[in-house]
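Have a look at the structure below, then the notes.
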Amino acid sequence: MNKFYKGKILISTPDISGDLFSRSVVLIIEHDNNGAFGLILNKKNKNIALRLKDALGQDVEIYEGGPVDTDRFFFLIKGEIITENYLKIDNEFYLTEDLASVIEAFVDGRIELSKIKVFAGYSGWSALQLEAELMNKYWTPVETYNIDYTSPNDQTLWKKMMQNLGGEFLIWANAPDDFNLN
């Protein structure tokens, strides 16, 4: 039987290619025999200017969920469930694409902006693709890690997690972003 990683964190091994997944921390939302679906927690999207300012009265940071369907937006929410269309992650967090319910809950004061993280796109793996990447050590699964998925994370999250793993991971944590500088 396959080991599934739903609800787990994956930390990428840095690679020389410098693609989107290099130094990424991914929350696996779904994982079964058909594949996996996750969101990158620590990469802000600098290209998409989604502004909910008219509805919310303030700008909202957008994170890179991953390279798939980058025109779709996902809302990772901490706390009260505000929509019927959601996917539970754990007892604290859930995911929805229901923009109207998110705006309505914010305007009504049922949810704070600090309890919402917005993602453009997602990270997807076909059947057995994630398992192959794990076998090739592209990712390190972390069984438990105390993290608020909705907090404003950046690249320091990846480094802190690598440092917490210790051992050989300390080498990666302290490696420069550009290996040519080494």
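The values are calculated or read from the model by the stated rules, or taken from the named source; none is laboratory data. Small disclaimer: the values here were computed from a predicted structure and weren't measured. So basically every Cβ, Gly included, is an ideal-geometry build from the backbone, and we count neighbours across all protein chains shown. With ligands, DNA and RNA removed, areas are computed over all heavy atoms of the protein, side chains included. Shrake-Rupley method; radii C 1.70, N 1.55, O 1.52, S 1.80 Å.
Taking Cα atoms only, the orientation of helix 155-165 departs from the longest principal axis of the chain by about 50 degrees.
Here Lys8 is the anchor, and the aspartates and glutamates within straight C-alpha reach of less than 19 Å, apart from those fewer than 8 places off in the same chain, are Glu30, Asp32, Glu64, Asp90, Glu92, Glu131, Glu133, Glu143, Asp148, Asp154. Classify the stretch 69-120 from the C-alpha gyration tensor, please: rounded if a/c falls under 1.5, else prolate or oblate depending on whether a/b exceeds b/c. Since a/c reaches 1.5 but b/c is at least a/b, the shape of the stretch 69-120 is classed as oblate. List the lysines whose alpha-carbon lies under 16 Å from that of Lys43, not counting same-chain residues fewer than 8 positions away? Cross-link targets: Lys117, Lys159, Lys160. Charging the Cβ of each Asp and Glu at -1 and of each Lys and Arg at +1, and nothing else, the dipole of the chain about its Cα centre rounds to 360 debye.
If we count every other residue with Cβ under 13 angstrom of Leu130's Cβ, Lys/Arg +1 and Asp/Glu -1, where does the sum land?
Working: positive: Lys3, Lys6, Lys8, Lys137; negative: Glu30, Asp32, Glu131, Glu133.
Computed value for this residue: 0.
Can you tell which of Gly109, Ile147, Ala175 lies farthest toward the positive end of the dipole of the chain, using +1 and -1 charges on the Cβ of basic and acidic side chains (Lys, Arg; Asp, Glu)? Positive-most Cα among the choices belongs to Ala175. Run the helix sum for the chain: -39,500 (n - 2.57) per DSSP H stretch of 4+ residues, divided by residue count, reported at 222 nm to the nearest 500 deg cm²/dmol. Helix-only estimate at 222 nm: -5000 deg cm²/dmol. Among Ser126, Ser151, the order of accessible area from largest down is Ser126, Ser151, computed with a 1.4 Å probe on protein heavy atoms.
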